[in-house]
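Rule-based calculations on the coordinates, nothing more; no lab input. Just so we're clear, the structure is a prediction, and the values are computed from it rather than from any experiment. Please note: Cβ atoms are built from the backbone with ideal geometry, for glycine as well, and neighbour counts cover all protein chains shown.
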Amino acid sequence: MNNRGMLIILSGPSGSGKGTIVRQLLEQRDDTVLSVSVTTRAPRTGEREGVHYYFKTKQEFERLIENGELLEYAEYNGDYYGTPVKPVEKCVREGKNVILEIEVQGAEKVMDKREDIVSIFITAPSLTELERRLRRRGSETDASIEQRLKIARWELTRAFRYDYVVMNDKVHSAVERIQAIISAESMRFARMEDFILEVINNA
Ligand code: 5GP
């Protein structure tokens, strides 16, 4: 079997529940890891360096861009967010699936650069529900919520770029849907080619 891991992009508006879904998915799969991004935004309460993000200054971030250390990056709501390329490559080579939980512009850059991607767009059932979830989270100001909802509307218009759309009405159902996608994707011919050759050669 092809023993490279899969690179899985998970995008979706702020408040779509991506974070919770990813946490549950990782609890269920020990063959899958989450890429830790770099950002210039301030840490939220409880967020830890190297666990949730690597927190950098704008200058430090720009140096990472110049040195080609990011697989992709984007500006979102006034801050930079980016994916360090080295750990992603290392994990995929070691056979781990790597999840990139990233916004749409960055996701499109990865899709344009690489073909071996599985991309999933996660959405809440409605924008009203999205707003309710953002307010319940309590981590954003009214202005930031307004801005995130505006971005969400735009992000939904880019969902067509993704391989799959998963509606997050209930977290456990959304996780099951993503598990089904990962299972099916792992059986694509391209990922089974080495296995087929092995079967032929050992006949
Ligand atoms: P938050 O500020 O809520 O943690 O993240 C804001 C948005 O940035 C979310 O949509 C999140 O998925 C996205 N994001 C997090 N890390 C990255 C990254 O490395 N690259 C890109 N392009 N987006 C990211």
Derived scalar couplings ³J(HN,Hα) [region 93-102; Karplus, 6.51 cos²θ - 1.76 cosθ + 1.60; whole Hz; x for Gly, Pro] | 4, 7, x, 8, 6, 10, 9, 9, 9, 9
Per DSSP H run of n ≥ 4, the term is -39500 (n - 2.57); total these for the chain, divide by its residue number, and report the mean residue ellipticity at 222 nm rounded to 500 deg cm²/dmol.
-> -14500 deg cm²/dmol
For the chain, diffusion coefficient by Stokes-Einstein and Kirkwood Rh (Cα), 37 °C, 0.692 mPa s, µm²/s | 183 µm²/s
Sites matching GluC sites (Glu not before Pro) across region 23-132 that sit in DSSP coil, with at most 12 neighbouring C-beta atoms within 10 Å = Glu94, Glu115
Roughly how tilted is helix 104-113, in degrees to the nearest 10 and between 0 and 90, from the longest Cα axis of the chain?
-> 30 degrees
Return the single residue from Gly15, Gly106, Gly46 with maximal mean-square fluctuation; model: Gaussian network over the chain, springs between Cα atoms under 10 Å.
-> Gly46
Under Karplus coefficients 6.51, -1.76 and 1.60, residue-wise ³J(HN,Hα) of region 187-203 in Hz, glycine/proline x | 9, 4, 3, 4, 8, 10, 4, 4, 5, 4, 4, 4, 4, 4, 5, 8, 5
Which residues qualify? For Leu7, with a placed amide H closer than 5 Å and at least 5 residues away or on another chain, they are Val98, Val118
Rounded, prolate or oblate: which one fits region 89-175, using the alpha carbon gyration tensor with axes a ≥ b ≥ c (rounded when a/c is under 1.5, else prolate when a/b beats b/c, else oblate)?
-> prolate
Counting only residues 5 or more apart in sequence or on a different chain, those whose built amide H sits under 5 Å from that of Val166 are Phe121, Ile122, Thr123
Three principal axis extents, largest first, for the C-alpha atoms of region 1-85, in Å?
-> 41, 31, 22
Net +/- balance of residues flanking Lys96 in space, Cβ distance below 12 Å, scoring K and R +1, D and E -1 = 0
Looking at region 37-126, which trypsin sites (Lys or Arg not before Pro) are DSSP coil and have at most 12 other C-beta atoms within 10 Å of their C-beta?
-> Arg44, Arg48, Arg114
A correct Karplus calculation of ³J(HN,Hα) over region 139-155, with 6.51 cos²θ - 1.76 cosθ + 1.60, θ = phi - 60°, whole Hz and x for Gly and Pro, returns 9, 10, 6, 4, 5, 5, 5, 4, 5, 5, 5, 5, 5, 4, 4, 5, 4
Amide H neighbours of Tyr80 under 5 Å, counting only residues 5+ apart in sequence or on other chains, H built in-plane at 1.01 Å?
-> Thr40, Arg41
